[in-house]
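K.L.:
This is the structure, below, for whatever I ask next.
The values are calculated or read from the model by the stated rules, or taken from the named source; none is laboratory data. Because the structure is predicted, anything quoted here is derived from the model rather than measured. Every residue, glycine as well, gets a Cβ built from its backbone with ideal geometry; the counts of neighbours run over all protein chains shown.
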Amino acid sequence: MIARRMLPIVREALSDQAAVALIGPRQIGKTTLALTLAQERPSVYLDLESREDRAKLTDPELFLRNFRDRMVVLDEIHRMPDLFQSLRGLIDEGRRNGYRTGHFLILGSASLDLLRQSGESLAGRIAYVNMGPFDILETSAGNGEDVARLWVRSGFPNSFLAADDRKSLRWRRDFIRSYLEREIPLFGPRVPAETLERLWTMLAHEQGGLLNASRLATSLMISAQTVTRYIDLLVDLLLIRRLRPFHANLGKRLVKSPKVYLRDSGIAHALLGLTDYNALSGHPAVGASWEGFVIENLLAAAPEQTLPSFYRTAVGAEIDLLLEMPGKGLWAIEIKRGLSPKLEKGFQIACDDLRPDRRIVVYGGSDRYPIKADVEVIGLRALVEMLAAL
């Protein structure tokens, strides 16, 4: 099973640019997707985690010139960031010789180094495609049971497709351990695995909470600056989302701290020790977990250049998610898990402040109906489909 919705997106990017960077966390299926594309055209695949393949690129220009007429897939590019300088020369040389598009497909597991290196070296020569775990549109049926499994287990293919919940949880725990001990040390100064795991777990317990680096630092017995640096790293590794507060000159006292979410609900559940839907349903984090799950699915479907944020005032007016979409205006979204959602007074007050173009309550059911003249209740899948069609 691959993220088939991504295939036409990457194909289009390859038809427009000489290089395409497919960016997303490890183990989400980037390699599977790349190999599927490689079957459609003459290609060569290099896994830069392999010592043998890295050795082939000791003189990258010499080696890669032999494949001018093929698409070259470079997997885990962060292992050899110096390659970007060589790719720039090869792309320019190829353009002079008529090879203008679809020559390099670059796979990377982190945004920080990949974007910095490619931004410096391949400006005007590279397109970026963000790839996340499976979302609600990529599951088989989209029914309630299917959505619950996606929410509990996560959209990482090996976790979602596991034979049972315990095997799924075991995979996610191994994934966490692999990141802490093997992946994260590649991306900067040595970070103590135990400290980072404690921080990650604390953030899972406070899913969707306002970031308070000083309080986290006190609990971890490290400085607030260190906490911020660790969170920056988790954000760059596409594991954490910082949702910014909406700012406007409204004469209101607005919350200025970002909210922090673990981007994958299944990873959050693994850190909390929640095995299945039954365990999750009785846990204090269930509402915040659902909120994070909904936000990630909505943002995966939203149009490019959408700016997400939240709105909260000091007196309690709040909107869970604001989407500023080019040409579509401002959408205000309230997130509810139950089947009989009620409109909160704080949401109504916040909407009176901002006057958004659309006011929506997204919930755990599938019906669609107005709850007020200007507010509509919509199921998660239907709202994701609506955003994907924009």
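K.L.:
Could you check, for segment 162-184, whether at least one of its residues is touching a Lys or Arg at 6+ places or on another chain (Cβ under 9 Å), modelled with pLDDT of 90 or more and β-branched (Val, Ile, Thr)?
P.N.:
no
K.L.:
Looking at segment 66-88 only, could you name the residues that are farther than 27 Å from residue 28 by Cα and either of a type in the set (Phe, Trp, Tyr) or more than 31 Å from the chain's Cα centre (by Cα) (or both)?
P.N.:
Correct list: 66, 67, 68, 69.
K.L.:
When you scan segment 261-317, how many residues do you find that are surrounded by fewer than 16 Cβ atoms within 10 Å (Cβ to Cβ), under 15 Å from the mean Cα position of the chain (by Cα) and of a type in the set (A, V, I, L, M)?
P.N.:
Residues flagged as surrounded by fewer than 16 Cβ atoms within 10 Å (Cβ to Cβ), under 15 Å from the mean Cα position of the chain (by Cα) and of a type in the set (A, V, I, L, M) within segment 261-317 amount to 1.
K.L.:
What is the residue count in segment 331-380 for residues that are surrounded by 21 or more Cβ atoms within 10 Å (Cβ to Cβ) and in contact (Cβ under 8 Å) with a residue 60 or more places away in the chain?
P.N.:
The number of residues fulfilling the criteria is 2.
K.L.:
Can you tell me which of 147, 152, 129 is at pLDDT below 95 and farther than 20 Å from residue 73 by Cα?
P.N.:
Exactly one residue qualifies, and that residue is 147.
K.L.:
Let me confirm something: among 49, 12, which residue is among the acidic types (Asp, Glu), at negative phi, at pLDDT 90 or above and assigned to a helix (DSSP H, G or I)?
P.N.:
Result: 12 is the single residue among 49, 12 that is among the acidic types (Asp, Glu), at negative phi, at pLDDT 90 or above and assigned to a helix (DSSP H, G or I).
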